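Trainee: Below is one structure. I have some questions about it.
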Amino acid sequence: MPKVVTAEQLMEREQVIIDAACDIIGELGFAGLTMDAVVARVPYSKGSLYKQFNSTQELLLAITNSGAGKLLALMERAYRFAGGTRERYLARAYAYFLYSQLYPIHFFSELEALSPIVREKASRQRLREGDDLLRQFRRNAERFVRAGVDAGDLVLAPGVSAAAVADSSWSAEFGLAAYNLMHAGNRAQAKARRAALEEKIFWHVNVFLDGLDWRPLAMEQDYRVTWTRLKDELLDAQTGTR
């Protein structure tokens, strides 16, 4: 009689496999991720692995989806940050920076998961899950902007949507974080680059929001105090935790 595997056991198995895949990518890069390499690191047979993931491409998408869940949780904490609407937007930017630092493999897998071959190979269920998470991310990013509009702190110019503001800001933040991770260097250099990136994110967001005339402007409020406080509140996970 075949062994019955519960939904909870399947979820646990999936996480073990994703963790092993992240370890492989961290050591060998995305090109080093193969199903054989994963099988060598997990307590499951190749058959069990293929029942969970039909290909390396689907496994990559699963890593991305897992990361999206982590990012959404950080963004929710940022939205609950006690402060004005602009301060919460600053918290959202820091949450994204924090995500890139805590989960760099998940962060970079976003680009890999967008490739056509991943869309071709991954299961429809996994693709639907990924598309739904992307919609959730976009809605969450937009609500920070809408909060500013609703409070009267931000007046959008005609033809400018909350989605356009959120996308523009996110694109720059992604580029800054990606460049920093690709040139991290050794541990000492990585620490220095992280501090420099924090500063760039802080100034980028404030210049961007001043350009939108999102009140209070940087000359009217000391957002450095906000930045220090939100870092203390959001940074309650250990650096390097997957």
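The values are calculated or read from the model by the stated rules, or taken from the named source; none is laboratory data. As the structure is a computational prediction, the values presented were derived from the model and not from experiment. Neighbour counts are summed over all protein chains in view; Cβ atoms, including those assigned to glycine, are modelled from backbone coordinates with ideal geometry.
Trainee: Going through ALA37, ALA93 one at a time, which residue ends up being part of a helix (DSSP H, G or I), of a type in the set (Gly, Ala, Ser) and under 30 Å from ASP210 (Cα atoms)?
Mentor: Just a single option satisfies the conditions, and that option is ALA93.
Trainee: Starting from region 133-146, keep only residues that are within 13 Å of ALA93 (Cα to Cα), then list their pairs with residues that are of a type in the set (Ser, Thr, Tyr) and assigned to a helix (DSSP H, G or I) whose Cβ atoms are within a distance under 7 Å, requiring at least 6 positions of separation or different chains.
Mentor: PHE144/TYR79; PHE144/TYR89
Trainee: Cβ-Cβ below 8 Å, separation at least six or inter-chain, first residue in region 12-31 and closer than 14 Å to PHE107 by Cβ, second of a type in the set (D, E, K, R) and assigned to a helix (DSSP H, G or I): which pairs?
Mentor: Note: pairs meeting the criteria are PHE30/GLU112.
Trainee: Output the residue which, of all residues in region 203-222 that are outside any loop (DSSP other than H, G, I, E, B) and out of contact with any Lys or Arg (no Cβ under 8 Å at 6 or more places or on another chain), is surrounded by the fewest Cβ atoms within 10 Å (Cβ to Cβ).
Mentor: Selected residue: GLY211.
Trainee: Also, I was wondering about something else. Can you tell which of ALA73, ALA82 is part of a loop (DSSP other than H, G, I, E, B), surrounded by fewer than 17 Cβ atoms within 10 Å (Cβ to Cβ) and aliphatic (A, V, I, L, M)?
Mentor: ALA82
Trainee: Please verify whether region 200-209 includes one or more residues that are at positive phi and of a type outside the set (S, T, N, Q).
Mentor: Within region 200-209, none of the residues are at positive phi and of a type outside the set (S, T, N, Q).
Trainee: So for region 156-168 (the condition being closer than 30 Å to CYS22 by Cα, surrounded by 12 or more Cβ atoms within 10 Å (Cβ to Cβ) and within 13 Å of the chain's Cα centre (by Cα)), does at least one residue qualify?
Mentor: No, that holds for no residue.
Trainee: A further question on this structure: Which one of ALA190, ALA177, ALA151 is of a type outside the set (D, E, K, R), at pLDDT below 95 and over 22 Å from ALA68 (Cα atoms)? Can you show your working first?
Mentor: Values: ALA177 fails: over 22 Å from ALA68 (Cα atoms); ALA151 fails: at pLDDT below 95.
Result of the check over ALA190, ALA177, ALA151: ALA190.
Trainee: Would you please name the residue that is nearest to TYR79 (Cα to Cα), looking only at residues in region 93-146 that are out of contact with any Ser or Thr (no Cβ under 7 Å at 6 or more places or on another chain) and polar (S, T, N, Q)?
Mentor: Ranking the qualifying residues of region 93-146, first place goes to ASN140.
Trainee: Is it the case, given these coordinates, that ASP153 is touching a Gly at 6+ places or on another chain (Cβ under 9 Å) and within 18 Å of ASN206 (Cα to Cα)?
Mentor: Against the criterion (touching a Gly at 6+ places or on another chain (Cβ under 9 Å) and within 18 Å of ASN206 (Cα to Cα)), ASP153 qualifies.
Trainee: Also: Please work out which residue is farthest from LEU154 (Cα to Cα), limiting yourself to region 203-240 and to residues that are small (Gly, Ala, Ser) and at pLDDT below 95.
Mentor: The extreme case among them is GLY240.
Trainee: Test GLU199 against the stated conditions and say whether it is within 20 Å of the chain's Cα centre (by Cα) and surrounded by fewer than 16 Cβ atoms within 10 Å (Cβ to Cβ).
Mentor: yes
Trainee: On to the next question. Can you run down the residue pairs with Cβ atoms below 8 Å, 6 or more apart or on separate chains, where the first is in region 185-197 and touching a residue at least 40 places away in the same chain (Cβ under 8 Å) and the partner is part of a helix (DSSP H, G or I)?
Mentor: So the pair list comes out as ARG194/GLN101; ARG194/ASN180; LEU197/PHE97; LEU197/LEU176; LEU197/ALA177; LEU197/ASN180.
Trainee: Starting from region 214-231, take each residue that is of a type in the set (D, E, K, R) and list its partners that are crowded, with 16+ Cβ neighbours inside 10 Å and part of a loop (DSSP other than H, G, I, E, B), counting only C-beta distances under 6 angstrom and pairs at least six apart or across chains.
Mentor: Pairs found: ARG215/ASP153.
Trainee: So in region 54-104, with the set limited to residues that are among the polar types (S, T, N, Q) and in contact with an Asp or Glu (Cβ under 8 Å, 6 or more places away or on another chain), which one is farthest from ARG146 (Cα to Cα)?
Mentor: Of everything passing the filter in region 54-104, GLN57 is farthest from ARG146 (Cα to Cα).
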